[in-house]
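Reviewing the structure listed below.
Derivation of every value follows stated rules applied to the coordinates shown; laboratory data play no part. All values derive from a computational prediction rather than experimental measurement. Neighbour counts are summed over all protein chains in view; Cβ atoms, including those assigned to glycine, are modelled from backbone coordinates with ideal geometry.
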Amino acid sequence: MGKKEKFKKGVLYGIVDNFIFNRKLVINLAKNDFKTRYAGSYFGIVWAFVQPIIMLLVYWFALDIGLRSGKTMNYPFILWLMAGLVPWFFFSEALASGTNSLMEYSYLVKKVVFKIDILPIVKVTSAIFIHLFFVTFIVLFQCFYGYYPDLYTIQLIYYIICMYVFVLGLVYFTSAAVIFFRDLNQIIAIILQVGIWATPIMWNIRDVMPKLDTIMKLNPVYYVVNGFRDSLLVKVWLWQRPKWTLVFWITVIIIYVFGYKVFQRLKVHFADVL
């Protein structure tokens, strides 16, 4: 068997094994991770929802009530902003927590019989629990403004899957790399601070720099953010952006395969370093 065949078999087997054969273990560990994160606090998992909700309400009060930002295109700016913030919250939380998954579960990494490949999946899946709550929240919030769910809203399922696969590919790489380069956590924190503006989340790049919009479409997060806005506000089907969708999946597949292969190459050293 040639190197290419072994490479394809290894990656495909890893994907099938992690997502199908170990799905019950992943879900149980993700639930436990979500619960234990806030264990010992009086209000428990309530804190997982409080901070993002307060942030969304602050934006609502500041932009829609205080500054009276009005409408962007044919809909309120606050709805456009929140439609971008919700997937960004998931991306930032999953990337930050997933990067530290191996260090947090170092006692499992050191167990020879435990399949450590699923630990990044556990962290990303744990983050998606809160994300699903906020997707529901933003849909209900838009009803307050008269924007009710329709067939386009179903597309959110697709865009959630898109973000999940993308961030998991990143986490496979970052969780492996951070063990040997601890400064990576600080670099990721800076990237997330800059990324919320560069994606862009807070401003409409088509109005300010329309020529730069083409370059920004190479950013997979921008694809998902725009997809949320297409589904909730603009009312555009995902197949109406075929070139962008193709570029997104080519980019994500490359990132996922690269991240997974780096993880596989380095995992034999994890127990020694940790």
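Could the peptides 128-141, 234-247 be put in order, highest first, of the mean number of other beta-carbon atoms found within 10 Å of their residues? List each step's numbers first, then the result.
Working: 128-141: 17.0, 234-247: 13.1.
My ranking of the peptides, most packed first, is 128-141, 234-247.
Assuming 1.567 mPa s and 4 °C, estimate D for the stretch 164-274 with Stokes-Einstein, Rh taken as the Kirkwood radius over Cα pairs, in µm²/s.
Working: Rh = 15.8 Å.
In µm²/s, the coefficient is 82.
Quickly work out the residue 258-to-residue 36 label distance, labels modelled 7 Å from Cα along the C-beta direction, and quote it in nm with one decimal.
Between residue 36 and residue 258, the simple spin-label model gives 3.3 nm.
Quote to one decimal, in nm, the extra length available between residue 177 and residue 250 on full extension: 0.36 nm per residue of separation minus the C-alpha distance between them.
Working: separation 73, 0.36 × 73 = 26.28 nm, distance 2.29 nm.
Between residue 177 and residue 250, full extension yields 24.0 nm more.
At 7 Å along Cα-to-Cβ for each site, give me the label-to-label distance between residue 187 and residue 140 in nm.
4.1
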